[in-house]
Each structure stands twice: as structure tokens, then as C-alpha cells.
Protein chains: 2
Amino acid sequence: MPRQELEYPSEPFSTGNRYSGRGSHALETIHRIVNTSPLLHVAFNDPNSPFPAVLPMIGQTGSFERPSADLGDVLELYLHGYVSSRIINLARNPATPKGLPLTISASHVDGLVLALTPNSHSLNYRSAILFGHATVVTSVPEKLYAMQLITDAIVPSRWEHTRVPPNAAEMQSTSVLRVTIATGSAKIRSGMPHDERGDMEDEELKGRVWTGVVPVHTVMGEPVAGPYNGVGSVPEYLERWRVEENKEAEALAMEQLKEK
Amino acid sequence: MPRQELEYPSEPFSTGNRYSGRGSHALETIHRIVNTSPLLHVAFNDPNSPFPAVLPMIGQTGSFERPSADLGDVLELYLHGYVSSRIINLARNPATPKGLPLTISASHVDGLVLALTPNSHSLNYRSAILFGHATVVTSVPEKLYAMQLITDAIVPSRWEHTRVPPNAAEMQSTSVLRVTIATGSAKIRSGMPHDERGDMEDEELKGRVWTGVVPVHTVMGEPVAGPYNGVGSVPEYLERWRVEENKEAEALAMEQLKEK
């Protein structure tokens, strides 16, 4: 019997009311968008400012309790890097034992959608938002799990190809946040332009304005060795992954030309 | 006499306290990062939720009063597209005549920085944040200015190559927000990996772990015509721009290999 696809609960704050046909609450969809985003935007209310604070951070969803969990399972989000003392102090605040409420967003642009009229222009994109409560990870095994998860998200199996485990000073200076996810949602736009009927029936207009999609994707160029690199050639685990990822990124942008 | 470079004021909420050498408050730097980002993340406090709301939106900085202003001048930010009625209603709230406080973030990833240890891994990136107050644009000329600004940000001179001006129904159904910018900041990481001295002096380690940067950039692929396109070939204004942009994006990722 195929397993039911898990979804996040639909809360008033997590549900867009426009283009709702583009929305999704499927865990797998949301987690995949987050995990393939090299940089996440992490927003939280700053008690001393009228403006929410937003920090660019690195993060990954995963499960310390069940490391073999897949993307469609219930997961936590681990955040690391560029952790200002501000967010860490807020996450440690005993007044909010559940943790600091965070909104995490991730977006990929897949294409420029060029229509007959400016108003019908759009982007093909995949965007995800997670809402959750962040606390500082204090358990050493969980911290190591998260550090490896995040390092291997930069390049798969990078962790085992570096100097590990982190020493005491590194463990001390690094903070990892665990976000217990309350809910989340995704918005995806794919396919070709849509115009209003009046414009679509205007043959002169259709013969004058080019319409379609310019596919967009990310490319990783040839690795450039640093000043103290002592390895003769780019290792195969890195090079093979890079070439494969580039192919997949291009294929995905083309796949998003189709309406889902 | 060369003009002084304008900077945004440094406020407690707009200043990172870590890696502050990577920070900038220069208007030109910040506006450029925002204007070259196809999608912005727009955060605001939601009175009915513990979590900030975050929406992916399209936007551009510009000046309706002085359209010839350059990126280093004082500008407004115009936001358009994916405007939920929630944000519009909040921006119209008479209880906040200055407008709805928004935090707008934009990030570009320029490279994967691979170091000897997981902790020293990083990204080359350019990230900008703007803080400001949003109101709904009601003046028709200003709304048209913003619509053209944003359309031409997708593809330069796209506006004049489409069916314009927007008709009454389009003007009615489209909302544009003007954000009066209070302040902003940028964070930029460029250059090669840095490791701790102990690791840098470990010849065995340096001979075993490849270190350097994998440059990352965005590519626009061959435009794909839509189902009702009636133009024989991709127009030159689009194709020439696409090829040039791809070259510049690649060159910028390589340029970011150097420490700034």
C-alpha cells in the first residue's frame, strides 16, 4: 500500500490566498526546495525594532533521531553559519522555552516568463517557507550530526574528505540551531505564459511580441584551487558531482517549462 | 571633485556584529544587489502570528521624482507581483500612516568555499537588506513608472516591446508598493578559503584535502517559444542581452574569487 504523502497543516499565516493553485503543503516538496537552496533567509521579530530581522544562513532539514529519514518525513531544520550572537541570544532566552519563532524562506528561479503584456509577465520559480521554533543545540552528538549534514550539503561526502572531527575550540565556537518546524508551505510557478483572452485573440500583437520562457539555472564552474592547496587535481567525488549537478539543474529548468 | 559615496545610517538592527569586515552600508552596493536579484524576500510582522510573514516578490529600486537617478542616489524600492491582499491591506492601514514596516532581502551565491576543515567552509555571496515603510502607490503616473521599471528589470526594454500601456482593468487589478527606505546594509564574502594556522601548517593535511572555490553563477538558457508565439525568431534585444548577461555573470563569479 503506498504511503500517504505527508502535508504540513494549513494555518492562516502559512497560506497564500492568491494563486492558491500554485501552493503546496507537501513535506517532500518543501524540504527539497529548502535543502537545495545554498542560502536561506531567516526572519525573526526583533523586540527592539519595528522591522523583522533577516539573516542569510546555511541550513538543512534532517533527523538526528532517525538519520535515514527521507525528505517526505517529519524533519527538523538545522541552521549554521553567519549566526549572529543576536539570534543565538534570542534562541537561548528562558522567557521563550519553546524557542525563538523563525520564518525561513528559500527560493529558486527557473525561468523568465515573457508574455504579451507587462502584467502577465512572471517568473517560473519554486519557493518554500518554514515556520518553527529555534533552540541552540547543546548535545555534542546532535551538533556533530548537524555539522556533517550541513557540510555534506555544500558538497556530498565533503565531511569525510576534510580534517574531522572538529576540535574542542571549533565545537565551542560553532553554534547550531535546531528549528522544530510548526508548519510550512511552497509556491511553485511553472509552464508557459498566460495572457488575457483579448490579447490572445489579437493576431497582430501575437506576431509582434515574442512570448515564451527564458529558462534559468545555476551553474558551478571549474573549481579554482586556493593558495595553499596541495592536491594535484580536483578530486573525483567533487568533479563528478559538479558535472552531474549542472546537468540536473539545466534539466530541471527545462522540466519547469511544462505546466504542473 | 569626486562626489562622496552615500551610505545608509548604521542602526542597531541593521548592523551585523560578526564578520563585520564583510559589511557595507554603501547605497550603490546595496541597490545593485537588490536590482540584480530576480526575486526578493519581503518580511513583515504579522499581528496574528508569532512568526514574521515572508513573501517572494519582484522589485526594483528607482526614483519617480528623478528617473535619471543612479544606483548610488537616494532611491525608493517598488514592489510588485505576488502581492497578497494581506500585505496590501496592512500597507493601507490608517493606523500606520508611515506605512507597513518591511524588511527586504536579496542574495546572490558566487561560490562554494572549500577549506581544510568543515568549520572553515563558507560561501562567496553578496547579500543585501533594506528596511523601510511600504505604502500603496495611488498616483497613476508613478504606478506606470514602477510597472515599467519592474518589467524592464526582467528584460531591458521589454516594456516597449509589449502591448502597452496597461488598460484600465490591468491598472485596477495591479498593486504596486512604494517602500521609503529607512536604512539598509550589505554583506559580501569573496576570495579564497581561510583556515586556522594549525591546519595551514599541516603539510599532510594540505596534500590530502583539496581547497579552493567552486565558482557559481546563474545562466539563462536558449529562450523557448510559447504555444501562441507568432514571432519567427528570438528578438535581438532579448538575445543580445541574454548572451551578454551570461558572460557578465560568469565573469563576476570569477572576480569574486579575489579578496575585496
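Computed from the coordinates by the stated procedures, all read-outs in this text should not be read as laboratory data. It should be emphasised that the depicted structure is a prediction, and the values quoted were computed from it without experimental measurement. Counting neighbours? That spans all protein chains shown, and the Cβs are built from the backbone with ideal geometry, glycine included.
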Checklist entry - Please identify the GluC sites (Glu not before Pro) of the stretch A:27-77 that satisfy two criteria: DSSP loop assignment and at most 12 other Cβ atoms within 10 Å. Which are they? => result A:Glu65
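Answer rounded, prolate or oblate for the stretch B:29-79, using the Cα gyration tensor with square roots of eigenvalues a ≥ b ≥ c: rounded when a/c is under 1.5, else prolate when a/b is larger than b/c, else oblate.
prolate
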Checklist outcome for this item: Gyration tensor on Cα atoms of the stretch B:49-116, a ≥ b ≥ c root eigenvalues, a/c under 1.5 rounded, else prolate if a/b beats b/c, else oblate, says oblate
Checklist outcome for this item: If labels are modelled 7 Å from Cα along the Cβ direction, B:Glu142 lies from its partners in the other copies at nm distances, smallest first, of 5.0
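For the stretch B:115-205, which GluC sites (Glu not before Pro) are both in a DSSP coil and crowded by at most 14 other Cβ atoms within 10 Å?
Qualifying residues, ordered by number: B:Glu201.
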Checklist entry - How large is ³J(HN,Hα) for each residue in the stretch B:196-208, as worked out from phi by the Karplus curve 6.51 cos²θ - 1.76 cosθ + 1.60 (θ = phi - 60°), to whole Hz, x for Gly and Pro? => result 5, 4, x, 6, 5, 8, 8, 5, 4, 5, 5, x, 10
Item to check | Entries in A:Lys98/A:Lys143; A:Lys206/B:Lys247; A:Lys143/A:Lys247; A:Lys98/B:Lys98; A:Lys187/A:Lys247; B:Lys98/B:Lys143 that, when Cα-Cα distance is taken, lie over 26 Å | outcome: A:Lys206/B:Lys247; A:Lys143/A:Lys247; A:Lys98/B:Lys98
Next on the checklist: Averaged across A:226-238, how many Cβ atoms of other chains sit within 10 Å of each residue's Cβ atom?
Outcome noted: 6
Item to check | Inter-centroid distance (Cα atoms) of the stretch B:96-157 relative to the stretch A:58-78, Å | outcome: 29
Checklist outcome for this item: Computed from every Cα-Cα pair in the protein assembly as shown, P(r) in 20 Å bins starting at 0 and rounded to whole percents is 22, 57, 20, 1
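Pairs of Cα atoms under 8 Å, at least six residues apart: use those to get the relative contact order of chain A, whole percent.
Contact order relative to length: 22 percent.
Between Rg and the Kirkwood Rh of the stretch B:192-247, both from Cα atoms, what is the Rg to Rh ratio?
That ratio equals 1.42.
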Next on the checklist: In Å, what Kirkwood hydrodynamic radius results for the stretch A:66-151 from the alpha-carbon pair distances?
Outcome noted: 16.1
Item to check | Distance in nm between pseudo-label sites at B:Glu160 and B:Leu252 (7 Å out along the Cβ direction from Cα) | outcome: 2.4
Checklist entry - Which whole-percent values make up P(r) of the stretch A:141-196 when all C-alpha to C-alpha distances are grouped in 10 Å steps starting at zero? => result 17, 33, 21, 15, 9, 4, 0
Checklist entry - Tell me, what is the FRET efficiency for B:Thr138 and A:Glu201 to the nearest 0.05, using R0 = 25 angstrom and their Cβ-Cβ distance as r? => result 0.20
Item to check | Cα→Cβ-extended label distance, 7 Å offset, between B:Arg208 and A:Lys260, nm | outcome: 4.2
Checklist entry - If you look at just the Cα atoms of chain A, how large are its Rg and its Dmax in Å? => result 21.3, 71
Checklist entry - Got the B:Thr96 label distances to the other copies yet, label 7 Å along Cα→Cβ, in nm, shortest first? => result 1.7
Item to check | At 7 Å out from Cα toward Cβ: B:Val231 inter-copy label distances (nm, ascending) | outcome: 4.6
Checklist entry - Which FRET efficiency, nearest 0.05, do B:Ala168 and B:Glu65 yield, Cβ-Cβ r, R0 30 Å? => result 0.70
Checklist outcome for this item: Averaged over the residues of A:124-131, the number of partner chain Cβ atoms within 10 Å of each residue's own Cβ comes to 3
Checklist outcome for this item: GNM of chain B, Cα pairs under 10 angstrom: of B:Gly226, B:Gly132, B:Gly184, the biggest fluctuation goes to B:Gly226
Item to check | Averaged over B:239-246, number of beta-carbon atoms from partner chains that fall within 10 Å | outcome: 1
Checklist outcome for this item: Only helices counted: for chain A, with every DSSP H run of 4 or more residues adding -39500 (n - 2.57) and the sum spread over all residues, [θ] at 222 nm is -7000 deg cm²/dmol
Next on the checklist: Please arrange B:Lys98, B:Lys143 by how many other C-beta atoms lie within 10 Å of their C-beta, fewest to most.
Outcome noted: B:Lys98, B:Lys143
